[in-house]
Amino acid sequence: MIKIIHALTAEEAGINAAEAVLEVIKEKRNPVLGLDTGSSPLGMYRELISRFKSGSVSFENVRTVNLDEYAGLAPDHPSSYRFFMDENLFNHIDIKKQNTHLPNGHTSNYKAECKRYDAVVASMGGIDLQVLGIGHNGHIGFNEPSSFFTSGTSYIKLTDSTRAANSRFFESEESVPTHAFSMGIGQIMSAQKILLIAIGKDKAEILERALFGPVTPEVPASILQFFKGDVLVSADEEALGEIIRKQSSRSAC
Ligand code: F6R
């Protein structure tokens, strides 16, 4: 079931998202978190760090698997997702680094890396909570619009719109890698719970299409409508703009 947690601000949406993560950490002895990068989870990571620093949570028993990584970037490249996770979360909490996993972008053997990462994800014994953001084209992880839903880890060609959107994390658009490794839709859908974070008005239209439009691999996030458990959507007022507008125009008829 889709449960929207309506926040007035991006900061509040980050705090609400952190609460959902903390609940899982409190419930499980060895929780497994599926994590993401980008702008959307930043507020949540800040709140998790602040809860750790105030002594209200420990990440000692937490294991993590990230959704994706750019192909061609070494882990210490400042635009790699490994670097992002270290800088924005892992370096500030008591998680054991050996318990944090991302695809290895620095390989030319794409097939072997997809296989390796499938084995890493399988070895977790299930993801308790998968955190997602949503791309402007409806991608989740780096599963771009396509004619089919992916199953396991894939080596994916990024669309021009994704490369343009992510160029803010690079020196120029040309330096954004053309390909990435991403956990598949099947792996995302096998998590126990999903937490989708959407911030800002540029996500309003795609969020409405994903949650209430037709389910199609052309909008990969639309598959979440078929998720077996709860999909918590932590969003701010701006990202919810189109959903609110459509709902109020429906109730006006
Ligand atoms: C990143 C990821 C992507 C982002 C999406 C939204 O690990 O999985 O699907 O969640 O591109 O990115 P932001 O939050 O930067 O708008």
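All of the numbers you see were taken from the coordinates with simple rules; none came from a lab. None of the values given here were measured: they were computed from a predicted structure. All Cβ positions, even for glycine, are placed from backbone atoms using ideal geometry, and neighbour counts span all protein chains on display.
How many residues, within region 137-159, are out of contact with any Asp or Glu (no Cβ under 9 Å at 6 or more places or on another chain), under 29 Å from GLU174 (Cα atoms) and away from the ligand (no atom under 16 Å from the Cβ)?
Of the residues in region 137-159, 1 are out of contact with any Asp or Glu (no Cβ under 9 Å at 6 or more places or on another chain), under 29 Å from GLU174 (Cα atoms) and away from the ligand (no atom under 16 Å from the Cβ).
Take the residues of region 54-74 that are part of a loop (DSSP other than H, G, I, E, B) and of a type in the set (A, V, I, L, M): which is surrounded by the most Cβ atoms within 10 Å (Cβ to Cβ)? Reasoning before the result, please.
Filtering region 54-74 for residues part of a loop (DSSP other than H, G, I, E, B) gives 54-62, 67, 71-74.
Next cut, of a type in the set (A, V, I, L, M) only: 57, 62, 67, 71, 73-74.
Details: VAL57: 20, VAL62: 22, LEU67: 28, ALA71: 24, LEU73: 20, ALA74: 11.
Looking at the filtered set, the residue picked out is LEU67.
Do you know which of the residues in region 163-209 that are of a type in the set (S, T, N, Q), within 13 Å of the ligand (Cβ to nearest atom) and not in a strand (DSSP E or B) is surrounded by the most Cβ atoms within 10 Å (Cβ to Cβ)?
Filtering region 163-209 down to residues of a type in the set (S, T, N, Q) leaves 166-167, 172, 175, 178, 182, 187, 190, 192.
Now narrow it down to the ones that are within 13 Å of the ligand (Cβ to nearest atom): 166-167, 182, 187.
Checking which are not in a strand (DSSP E or B) leaves us with 166-167, 187.
Numbers: ASN166: 21, SER167: 15, GLN187: 23.
So, considering only residues that are of a type in the set (S, T, N, Q), within 13 Å of the ligand (Cβ to nearest atom) and not in a strand (DSSP E or B), the one surrounded by the most Cβ atoms within 10 Å (Cβ to Cβ) is GLN187.
Do we have VAL120 as part of a strand (DSSP E or B) and under 15 Å from TYR81 (Cβ atoms) here?
Here the answer is no, as VAL120 does not meet what is asked.
Counting only residues that are within 17 Å of the chain's Cα centre (by Cα) and of a type in the set (Phe, Trp, Tyr), which one in region 114-154 is nearest to THR178 (Cα to Cα)?
Out of the qualifying residues, it is PHE142.
Only one of ARG82, ARG51, ARG46 is assigned to a helix (DSSP H, G or I) and under 17 Å from THR153 (Cβ atoms). Can you tell me which? Give the steps one after another, and end with the answer.
Details: ARG51 fails: under 17 Å from THR153 (Cβ atoms); ARG46 fails: under 17 Å from THR153 (Cβ atoms).
The unique qualifying residue is ARG82.
Would you mention how many residues in region 1-33 are within 16 Å of the ligand (Cβ to nearest atom) and closer than 14 Å to ILE95 by Cα?
Of the residues in that region, 1 qualify.
Criterion first (in contact (Cβ under 8 Å) with a residue 40 or more places away in the chain, within 12 Å of the ligand (Cβ to nearest atom) and in a loop (DSSP other than H, G, I, E, B)) does ILE134 satisfy it? First the steps, then the outcome.
Working: in contact (Cβ under 8 Å) with a residue 40 or more places away in the chain: yes; within 12 Å of the ligand (Cβ to nearest atom): yes; in a loop (DSSP other than H, G, I, E, B): yes.
Taking the combined requirement at face value, the residue satisfies it.
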